[in-house]
Amino acid sequence: MRLDPYGRPSAGGVRVSCSRPACAEQRFPDGTAAGRKAAIAHVNAHLARIREGGGPRAAAWCACRAADCAWHTPASDAGRRDGTRPSDTVRCGGPVVLAVCADRAGRLWRIAEMCARCAAATPNCRVLETAAPPERTAPECTTPAGADQRVGAPGTAPAGSTAGAGGGIAAMFSDLGSAPAGASASSARPSASPAGASSPAGASSSPAAAPASVPGARRTSPGAATRRARRTGKIAQRIVPHDLEPAVLRMELIALGDAFRAYQRRPEPDLTLLATLHERKARAFALWADVSGDESLHDEAQRAELAARTTLEMHQNRTGHVTGDPEDGDGPVVERLLTRPQAVHARAVLEYTATHSPHPEAEVRLAVLMIALRAARAGTGNVTGQDLTSWLQGDAERVLEQLIDAGWLCLPGTIADAMASRPESPTAVTVPTLLPEQSRPFALGKNHRTRVSGWAQKVVGDRKLRKKRLGATTRLLALYTAAHTRPDGRLGRPEDGGLPLAEVAAFCNLPPDQVSTHADLLVTADWLTETDTTEGQLRGRLTDRVLPLAGLL
């Protein structure tokens, strides 16, 4: 019985075929698991018919011998036809048994009548029944001198004969005399043992006859059987050693491999579960590396740790939800406008504004920031007179003139035309330093550019900031505080305790002692809940109203 790939490799379909001509081929597009289940059921059906026909025949030839003992002989010696044998080859002998042999890959099963010695020497072979002693003396299962008793030779069963009541599949051997009609062995394909192949070794097909003893499998070392009994597995294309200690680590690695394979069979992805599996894998591989001293396992653990973080970020990006600060436990769940990668891009644009603005005035920096976001990808972007008025209020014309005189901005027409442009016919502005042939100060994809630009527009155009008529300096401070927050809305990283006052003042073009004045204006506009500028840090927290605009550090 064979289990082979079928169709396109990416589809995962398999084909189950039996060497018996009467058995039709079966195809399973769902995957290997369904095909293996069907193959084992088919093997069990043949075994049932063999038992109904009387079980193994005591006068049958050894099927392994008919194949030159290739089932348990090294490949370099299996093809010998000169009658010689290597010194370590097991010679046929013992009673005839009914056995099922399987390969390690779980894709080939063989049902065969073979001698007990070959059965004991064949890997992954299970003896199901032992034939009753023959009524006549059975000839020794070795080739007589001068006689050719290979399959297909005169006096042997023809290769195409099939079993009748026994339900065999292909003729592999026969007795030394004339082959009875329908007398043959069965051959099929492995995975461990079929569900129905569980009869104990040595069970006789005839209750009246005492079963002959079956020799046990040879051991290469005293502890070989114990090692084989230990469970092994596979994870990340690595075989988990059967003797890996501690045992709890070995079982965790095996369970993780099974869990990853079960996840791949899920109809729908669960990124939270996948991140948990990667975290477990990172811990297990780190311990495995410490135990074995294999540095490549440390690298695998680091990759798993990175995969866990990336998977969580993917989950947050898809859902738009991020939990609160881990230091305080589970905080409020907030739908963020920016994901963490997009917040990184937003901070890069703020840094570009502070270093590349042609004039230090807050109004010029605000215009540079907003126009740079429009032209971030191709060096050109569209603006309208309404945009310029909302950003700069009454200073729009003066600021545009400064940017044009400095060579930072180019307009297709006059400043008056740009101020009069409407959404249906915007003005196409050009920023020469952002053109594709120039070195790129930041890399924004199409979706990220749109999202970051929309975020900046929402901050600058916040209704309460407009209602309070706050100037460009205060709006720059609002942008900076929104871009540098933790999940709970507090400013700065936990290890810093806030935002460095000198950096905030440099971005907003303010003396450090005046930052608190503009921060208080943001408190009155319901942007910040409280502020504190002592010890060289700007501390505070965004209000719940603007928490969705927070760009997470």
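The values are calculated or read from the model by the stated rules, or taken from the named source; none is laboratory data. Since the model is a prediction, treat every value here as computed from it, not as a measurement. Using ideal geometry, Cβ is built from the backbone for each residue, glycine included, and neighbour counts are taken over all protein chains shown.
Scanning segment 527-548 for residues that are closer than 20 Å to Arg463 by Cβ, among the hydroxyl-bearing types (Ser, Thr, Tyr) and not in a strand (DSSP E or B) returns a single hit, Thr543.
Restricted to segment 433-449, and to residues there that are part of a helix (DSSP H, G or I) and exposed (fewer than 14 other Cβ atoms within 10 Å of the Cβ), the residue that is modelled with the lowest pLDDT is Lys446. Taking segment 522-553, which residues are β-branched (Val, Ile, Thr) and surrounded by 18 or more Cβ atoms within 10 Å (Cβ to Cβ)? Passing the criteria: Thr531, Thr533, Val546. Between Leu312, Leu338, Leu287, the distinction of being modelled with pLDDT of 65 or more, under 20 Å from Pro241 (Cα atoms) and of a type in the set (A, V, I, L, M) belongs to Leu287 only. Note on segment 472-515: residues that are among the small types (Gly, Ala, Ser), surrounded by fewer than 16 Cβ atoms within 10 Å (Cβ to Cβ) and closer than 29 Å to Gly394 by Cβ total 1. Filtered by the rule that a residue be in contact (Cβ under 8 Å) with a residue 40 or more places away in the chain, surrounded by 21 or more Cβ atoms within 10 Å (Cβ to Cβ) and not in a helix (DSSP H, G or I), segment 375-428 gives Ala375, Ala376, Gly381, Val383, Trp408, Thr427. Restricting the search to segment 290-301, which residues are surrounded by 14 or more Cβ atoms within 10 Å (Cβ to Cβ) and farther than 16 Å from Leu244 by Cβ? The answer is His298, and nothing else. Within segment 458-471, the residues that satisfy the criterion of being surrounded by 16 or more Cβ atoms within 10 Å (Cβ to Cβ) and in a helix (DSSP H, G or I) are Val459, Val460, Leu465.
Here is a yes/no grid of residues against (1) closer than 30 Å to Val248 by Cα; (2) at pLDDT 90 or above; (3) assigned to a loop (DSSP other than H, G, I, E, B):
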site	(1), (2), (3)
Leu274	yes, yes, no
Val291	yes, no, no
Glu305	yes, yes, no
Leu350	no, yes, no
